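Every number here is computed from the coordinates shown, using simple stated rules; none is lab data. Everything quoted here is computed from the prediction, not taken from an experiment. Cβ sites come from the backbone with ideal geometry, for glycine too, and all protein chains shown count toward neighbours.
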Amino acid sequence: MSQRLTINQNNKPIYDIVYEHDFEELANELAAFDIADKKLCVITDSKVKGLYADEVCSVLKDRCKMLVVYAFADGEQSKNLDTVKDIYAFLIENKFERNDMLLALGGGVVGDTTGFVAATYLRGVDFVQIPTTLLAQVDSSVGGKTGVDFDQYKNMVGAFYMPKLVYMNIAALKTLDDRQYYSGIAEVMKYGLIKNANFYEWIIDSMYEIHERDIETLEEMVLKSCTYKKIVVEKDPTEKGERAILNFGHTIGHAIEKYKNFELMHGECVALGSVAAAYISWQKGLLTKEEYYEIRDMFVPFNLPISIDKINPEEILALTASDKKMEGDRIKFILLKKVGKAVIDTSVTKDEIKAGIHEIYFSEEDWDE
Ligand SMILES: NC(=O)c1ccc[n+]([C@@H]2O[C@H](COP(=O)([O-])OP(=O)(O)OC[C@H]3O[C@@H](n4cnc5c(N)ncnc54)[C@H](O)[C@@H]3O)[C@@H](O)[C@H]2O)c1
Ligand SMILES: [Zn+2]
C-alpha cells in the first residue's frame, strides 16, 4: 500500500501526494480525474525525457484520449516566458481544451514552468506534478507556487496554482548526479533545523543509508520533509507570514547564488546561508556556541560546503539587502532559537549580516595565519 499525504486549505482537501517506487500506479491515480476523456500532455526537459518519458507514456497511453510529449532544453535557462510561449503554441497546435490535463515530469524547472502554463492557458487547466529531483520532491512540487524567471530576475512572474495530484516515484532519485542529490539534502536538513529536532537527528543517524540512497530511507526522508512543508503551507498558503521560515538559509544563500552567477548548486548556497544564519543566531544569543558549531559541521558529511572563497562580502551584503524578502527597509531574517525552532527576526542589522558573511568567507589570508 502506497503512502500518501493530503494537502488541505480551509480544512478542505485540495490535492494528494502519493509516494511510489515506480510509475506503475500513475494511470490508476489519474483515473480519478476521468483521463479516459482527456488529452494529456507530458511536459518535461531534454534530460528527463531520455530517462523517464517512455516509461510514463507506456503506463498512460491506453488510458487517455490522446497523449503527447513536449520537451524543452534542461536547465534553469529554460525557465522563462519563451518556453511558456512555445508550450502554449504546442498546446494550441494539438487542440488542447479547458478539460485537458498537463503533467510536469522533471525537476523544479519543469514543475514551475508547467504549473505556470497550467495556471494561464485558457485561464487554467488541470495539472499534475511528477517531480524527479530531490529538490522538487521535498520542496518545489508542494505548495502551489508556479512561475518563471524574467531577464535576470528569478521567479519574477508567476501564480499560486494548485496541482490536482503530486505523484512521486522515489526510485527516480537514484539517477540524480551526486551534486544535484546532495543539494536537495540541504533542503531536507533545513526542515529538521526549522521544524523538528528529532527529524534532524534522524537525518544524521541515517547518514549511511542516505549516502547509499536506500529506497526506504529516501521515502521516509521525502515523506517527512513534505509533512513539514505541508504544515507550513497549510497555515500560510500565500506567504503572508509563517511560510517565511522556509527561507531559512536562503537570504544570504540567494545572494551567494546570484553573486556566483548560479555556478553553485542552490542547496550548496542554502548550506552556506544556513551556516551564516546559525552564526548570527549565536551572536544574537539565541544559540549557544556549541549548537552553532554542531549545526555548521553537520553539513560536511553530506558533501555540502560551510565556507566559500573568492567572494566580496560587501557585494554579498548588498545583494542580500536587495532580495525581495524585505519588510520596509528591514530584512525579514530567519534565525534559529534551537535545532527544530525557527524565528522570524526583523531586527538583524547590516553589521550582523556582514559578520555572518565573514564567518563563511574563507579568504586567502586565512591560509597565511
Ligand atoms: N515552486 C517552488 O516552491 C520552488 C521551491 C524551490 C525551488 N524552486 C525552483 O526549482 C528550480 C530548481 O529545481 P531543480 O533543482 O529540480 O532543478 P532542475 O529542474 O533544473 O533539475 C536539475 C537537473 O536534474 C535533471 N534531472 C531531473 N530529474 C532527474 C533524475 N531523476 N535523474 C537525473 N537527472 C534528473 C534535470 O534534467 C536538470 O538537468 C529552480 O528554478 C527554483 O526556483 C521552486
Ligand atoms: Zn531552496
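Taking Cα centre as origin and charging only the Cβ of basic (Lys, Arg, +1) and acidic (Asp, Glu, -1) residues, the dipole magnitude of the chain rounds to 1580 debye. Taking other Cβ atoms within 10 Å as a rough exposure proxy, Thr113, Thr120 sort from fewest to most as Thr120, Thr113. The residue list Ala186, Gly144, Ile210 was ranked by how far each Cα lies along the charge dipole of the stretch 138-215 toward its positive end, using unit charges on Cβ atoms, and Gly144 comes out on top.
With only Lys, Arg, Asp and Glu charged, each at its Cβ (+1 for the first two, -1 for the last two), find how big the charge dipole of the stretch 1-94 is about the Cα centre; round to the nearest 20 debye. Approximately 320 debye in magnitude. Residues whose amide H falls under 5 Å from that of Leu336, counting only those 5 or more places apart or on a different chain, are Ser281, Val343, with hydrogens built in the peptide plane.
Given Lys224/Lys354; Lys12/Lys337; Lys195/Lys240; Lys229/Lys341, which pairs have Cα atoms separated by over 23 Å? Those over the limit are Lys224/Lys354; Lys12/Lys337. With a Förster radius of 45 Å applied to the C-beta separation of Glu365 and Glu24, the computed FRET efficiency comes to 0.20.
Which percent, nearest 5, of DSSP beta bridges in the stretch 1-109 are antiparallel? Counting DSSP beta bridges with both partners in the stretch 1-109, the antiparallel share is about 35 percent. Between Cys57 and Thr6, the simple label model (points 7 Å from Cα in the Cβ direction) yields a spacing of 3.6 nm.
Taking neighbour Cβ counts within 10 Å as the exposure measure, how do Lys240, Lys350, Lys224, Lys154 sort from fewest upward? Walk me through the intermediate numbers first.
Values: Lys240 9, Lys350 12, Lys224 20, Lys154 16.
Lowest count first: Lys240, Lys350, Lys154, Lys224.
Among the lysines of the stretch 66-186, pairs that are 8 or more positions apart or on different chains and have alpha carbons within less than 23 Å of each other number 10.
About its Cα centre, the dipole of the stretch 221-369 is roughly 1040 debye, where the only charges are +1 on Lys and Arg Cβ and -1 on Asp and Glu Cβ. Here's the picture: charge each Lys and Arg Cβ at +1 and each Asp and Glu Cβ at -1 in the chain, and of Val157, Ile331, Gly285 the one pushed furthest to the positive end of that dipole is Val157. Give me the net charge of Leu287's neighbourhood, meaning all other residues with Cβ under 12 Å from the Cβ of Leu287; Lys, Arg count +1, Asp, Glu -1. Neighbour charge sum, excluding Leu287 itself: +3. Translational diffusion of the chain was estimated from the Stokes-Einstein equation, with Rh taken as the Kirkwood radius over Cα pairs; at 25 °C and 0.890 mPa s the coefficient is 116 µm²/s. Put in order of Cβ neighbour count within 10 Å, fewest first, the listed residues Trp202, Trp282 become Trp202, Trp282.
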